[in-house]
Each structure stands twice: as structure tokens, then as C-alpha cells.
Amino acid sequence: QVQLVESGGGLVQPGGSLRLSCAASGSIFSIYTMGWYRQAPGKQRELVAVITRGGSTNYADSVKGRFTISRDNAKNTVYLQMNSLKPEDTAVYYCNTPPVNVLAWGQGTQVTVSS
């Protein structure tokens, strides 16, 4: 069973940056398209960034130009570089394998953007 462990969240001021990491146990990581999701209080989980096995990326309009997803298959890790953060980016961030999300969800990492 592949497990996902997200890290790198924290409290940051508007305009600041954070880099999230999602480490997957198991060598099958490289076969999956990976994605970052977020869930704000009282809202549904939304997909914000996707990266294919080959490195092609796609972003939700709300984060386009500010967030960058990348992956290191040798380290079984996917990253999310978040710049120019806004209060509306506040959420718990998760990774998984869109669109089917075949892996068990990790605990997520909390990102709070506030002055």
C-alpha cells in the first residue's frame, strides 16, 4: 500500500511563498499522474495542480501564474511551489493521483495565509 505524506505548510503573510512536498512510499510513484488538492473550511476539496508522468502540467485558474507543480520520480516526491499567496489560498493541501485518486489520502498539510 503506497502511503502519501504531505509537508511544508505553515503560516505565511499575504504575498509570501511556501513549498509543499508530498512523499510517496513505494517505487510505483513514477507511473502516476500526480495532483495537488486543497480543501478550505466548509468547502469541497478542489484540484489545483496536475503533473503527468512526462512532466506536463495544468493548473486551476485560481492559482495559474502563482503556483508551480514539479516532481522528482527518483525521490518519489511531488512538490508545489506557491508564490504570491493570498488569504483565499488558506486550506489543507493534499496530493493524490487524479482523476481517480487510487491512493489513500494522507493527512494533508495546513497552509494559512494571514497578516
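The values are calculated or read from the model by the stated rules, or taken from the named source; none is laboratory data. For clarity, every value in this text was computed on a predicted model and none was experimentally measured. Note: ideal-geometry Cβ built from the backbone for every residue, glycine included; neighbour counts use all protein chains shown. All accessible areas refer to the heavy atoms of the entire protein, side chains included, with ligands and DNA or RNA removed. Shrake-Rupley method; radii C 1.70, N 1.55, O 1.52, S 1.80 Å.
In the stretch 76-92, the condition of being open to solvent by 70 Å² or more (accessible area, probe 1.4 Å), over 16 Å from Glu46 (Cα atoms) and modelled with pLDDT under 95 is met by no residue.
Checking Gly65, Gly54 one by one, the residue that is of a type outside the set (A, V, I, L, M) and either at pLDDT 95 or above or under 16 Å from Cys95 (Cα atoms) (or both) is Gly65 and no other. Here Ser30 qualifies as over 13 Å from Glu6 (Cα atoms), touching a Lys or Arg at 6+ places or on another chain (Cβ under 7 Å) and at pLDDT below 90.
A count restricted to the stretch 40-61 and to residues that are open to solvent by 60 Å² or more (accessible area, probe 1.4 Å) and either assigned to a loop (DSSP other than H, G, I, E, B) or more than 10 Å from Pro98 (Cβ to Cβ) (or both) stands at 11.
All of (1) in a strand (DSSP E or B); (2) surrounded by fewer than 18 Cβ atoms within 10 Å (Cβ to Cβ) hold for Gln1 with one exception: (1).
Taking the criterion of being in contact (Cβ under 8 Å) with a residue 40 or more places away in the chain and at negative phi, the residues of the stretch 26-40 that qualify are Ser27, Phe29, Ser30, Tyr32, Thr33, Met34, Gly35, Trp36, Tyr37, Arg38, Gln39, Ala40.
With respect to being open to solvent by 50 Å² or more (accessible area, probe 1.4 Å), of a type outside the set (Lys, Arg) and touching a helix residue (DSSP H, G or I) at 6+ places or on another chain (Cβ under 8 Å), Asn73 fits the description. Can you work out which of the residues in the stretch 22-39 that are in a strand (DSSP E or B) and open to solvent by 30 Å² or more (accessible area, probe 1.4 Å) is nearest to Phe67 (Cα to Cα)? Taking the candidates together, the pick is Gln39. Can you find a residue that is modelled with pLDDT under 95 and on the phi > 0 side of the Ramachandran plot anywhere in the stretch 4-25? Looking through the stretch 4-25, none of the residues is modelled with pLDDT under 95 and on the phi > 0 side of the Ramachandran plot.
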